[in-house]
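**Q** Have a look at this one.
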Amino acid sequence: MKKLKMGIIGCGRIGSTKHVEAIVKNADIIEAVATCDIVLDKAKSCSEKIEGLTNQKPKYYTDFIEMIENEEIDFVSIATESGYHYEIAIEALKRGKNVLVEKPMALSTAHMDHMCALAKEKDLKLGVCFQNRFNPPIEELRQKIDSGAFGHVNYAVANVRWNRDREYYNQAPWRGTWQLDGGSLMNQCTHNTDLLQWMLGGDVDEVYGVVRNFQHKYIEAEDFGGALIKFKNGSVGILEGTSTIYPKNLEETLSVFGEFGTVVIGGLAVNKIKTWKFPDEDSHPFMELPDPDTVYGSGHVPLYRDFYEAIINNRKPKISGEDGRKAVEIVLAIYKSALEGKPIKFPFDFSTEKMKDWNGHYVVRG
């Protein structure tokens, strides 16, 4: 089986863990030949970690363009701060490299459109790391929807009720900024937003949203967001995401309600079925699945294999750029709705940069 050569760009929290895990567990088809981070020690440490697990030591760089131009690479994985995804992806695509990019793929509708258009123009693959789509319970739910078992899917609810404290934001000053991140909706909630829109058909008509900064006065962006999402097929999505839950993470759940079915999936990383109700079905074996080691889950491993197969077989990745933009577009619509105080019709143009004049810091009165 032909191996593809790849390079990691961004060797921080997720690049050095879940992306390395995906490389190691797909070592039969993927070889990491280079790592890159603007902090040399991080790139070197990531390289040494891969060497210790695969006996192949990637070269390490601080300049991603130098890495791309010096190394024989089939694709790059981008795991940097969110605000740099667009620039790096465009430069890699320009140089003929397939791109797998962490969520959110970019922070502006125009940037996402440019990434998708350039990948198409260059006949390259652009994939997005929404790895929770590969969770076994999520795949089971999707099969039920595709089979028509729900009848009409009336509505779905995505809840992310987590806690992020000041120490979390102090670890990385880019977190919570409009230029490089966004708030709880963009950082913590895009995975569940992606699952919500995927289950409900993906084509959004209108979003009405609200965002607040209740407790994290030291960041620019929101620590709470909620929205009603109207889909063109008549289904409705309800989204709630926050980083304010006391005293620690409470839950991440996806609930889907139809004419003839009710499913609730929870667990640490939407990895465990909580409720499974269909005619003559009141339970599911995946109710007993263990939680993964972190909220990132274990989906990067099949995600990488799918991206490999997309390149080898010249097919669309299961989560292409066009697919990956949908969740980000919903979050951007919530931001725009909160800023303008009205529902937002699709399509539209917006960027997190336009939120810099927003003042949503909420003061409790009474």
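The values are calculated or read from the model by the stated rules, or taken from the named source; none is laboratory data. Everything numeric here is computed off the predicted structure, so don't read it as measured data. Cβ: placed from backbone, ideal geometry, glycine included. Neighbour counts: every protein chain shown.
**Q** If residue 2 satisfies all but one of (1) at pLDDT below 95; (2) under 19 Å from the mean Cα position of the chain (by Cα), what's the number of the condition it fails?
**A** Unmet condition: (2).
**Q** So, in region 242-298, of the ones that are aromatic (Phe, Trp, Tyr) and farther than 30 Å from residue 19 by Cα, which residue ends up surrounded by the fewest Cβ atoms within 10 Å (Cβ to Cβ)?
**A** Ranking the candidates gives 246 first.
**Q** A further question on this structure: Scanning for something surrounded by fewer than 16 Cβ atoms within 10 Å (Cβ to Cβ), at pLDDT below 95 and not in a helix (DSSP H, G or I), does region 143-154 turn up at least one residue?
**A** Within region 143-154 (the criterion being surrounded by fewer than 16 Cβ atoms within 10 Å (Cβ to Cβ), at pLDDT below 95 and not in a helix (DSSP H, G or I)), the answer is no, since none of the residues qualifies.
**Q** With the condition kept exactly as written, say whether any residue in region 272-291 is within 30 Å of residue 167 (Cβ to Cβ) and in contact with a helix residue (DSSP H, G or I) (Cβ under 6 Å, 6 or more places away or on another chain).
**A** For region 272-291, residues within 30 Å of residue 167 (Cβ to Cβ) and in contact with a helix residue (DSSP H, G or I) (Cβ under 6 Å, 6 or more places away or on another chain): absent.
**Q** While we're on this one: Could you check residue 308 against (1) in contact with a Phe, Trp or Tyr (Cβ under 7 Å, 6 or more places away or on another chain); (2) in the same structural domain as residue 125 (by TED's automatic domain parsing) and say which number it fails?
**A** Unmet for residue 308, out of (1) in contact with a Phe, Trp or Tyr (Cβ under 7 Å, 6 or more places away or on another chain); (2) in the same structural domain as residue 125 (by TED's automatic domain parsing): (1).
**Q** Quick one: would you say residue 133 is over 17 Å from the mean Cα position of the chain (by Cα), modelled with pLDDT of 95 or more, in a helix (DSSP H, G or I) and basic (Lys, Arg)?
**A** So residue 133 fails the test.
**Q** Hey, among the residues in region 251-272 that are at pLDDT 95 or above and aliphatic (A, V, I, L, M), which one's nearest to the chain's Cα centre (by Cα)?
**A** My answer is 254.
**Q** If I go through region 125-142 residue by residue, how many of them are surrounded by fewer than 19 Cβ atoms within 10 Å (Cβ to Cβ) and not charged (D, E, K, R)?
**A** 1
**Q** Moving on. Scanning for something of a type in the set (Phe, Trp, Tyr), at pLDDT 95 or above and not in a strand (DSSP E or B), does region 350-362 turn up at least one residue?
**A** Checking region 350-362: at least one residue is of a type in the set (Phe, Trp, Tyr), at pLDDT 95 or above and not in a strand (DSSP E or B).
**Q** Among the residues of region 190-211, which ones are more than 30 Å from residue 170 (Cα to Cα) and in a helix (DSSP H, G or I)?
**A** Of everything in region 190-211, those that are more than 30 Å from residue 170 (Cα to Cα) and in a helix (DSSP H, G or I) turn out to be 196, 197, 198, 199, 200.
**Q** Further, regarding this structure: Inside region 98-115, can you point out the residues that are more than 12 Å from the chain's Cα centre (by Cα), surrounded by 20 or more Cβ atoms within 10 Å (Cβ to Cβ) and more than 17 Å from residue 186 (Cβ to Cβ)?
**A** Scanning region 98-115 gives 98, 99.
**Q** Let me ask something else about it. Just checking, how many residues over region 51-78 are crowded, with 24+ Cβ neighbours inside 10 Å and of a type in the set (A, V, I, L, M)?
**A** 3
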